[in-house]
Amino acid sequence: MSSLRSSNPVTMRAPSSAITPKTPQCRKTLRRHASVGDVLAAHERAALARMSRVTSKCVSSVVEGERVAIRWNFELTEKSGLVRRFDEIAWQEWRGDRISRERFFYDPTKIVG
């Protein structure tokens, strides 16, 4: 497999979205996990509501076939003025023009402010 490495911001093929479930079992599994996703999304919305500014920068990316790893730098400015910075790795698995799975890795002890 060939690799593509870039230090520039990258535009990926499509926005983050799940593939359409094809079987009843897939739909049942998706419904069970949707409630967890709803909780996580609500937590993220609440965290972002505390911010006055959020910036991100793509530091690098690696593409291997249908797998993509992206390193991000984030800077979060709270409404109180406190600035927090951290790095994150986004791991994406693609099917066609859609992300079929996406996971994020970061060290919460490294979120400095």
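Only the coordinates and a few stated rules stand behind these numbers; no lab work does. Source: prediction; values computed, not measured. So basically every Cβ, Gly included, is an ideal-geometry build from the backbone, and we count neighbours across all protein chains shown.
In plain terms, the chain from E88 to A49 could stretch by 12.0 nm, reckoned as 0.36 nm per residue minus the Cα-Cα distance. With both labels modelled 7 Å from their Cα along Cα-to-Cβ, the I111 to R67 distance reads 2.7 nm.
Using the beta-carbon distance between V39 and V59 and R0 = 22 Å, what value does 1/(1 + (r/R0)^6) give for FRET efficiency, to the nearest 0.05? My answer for the efficiency is 0.15.
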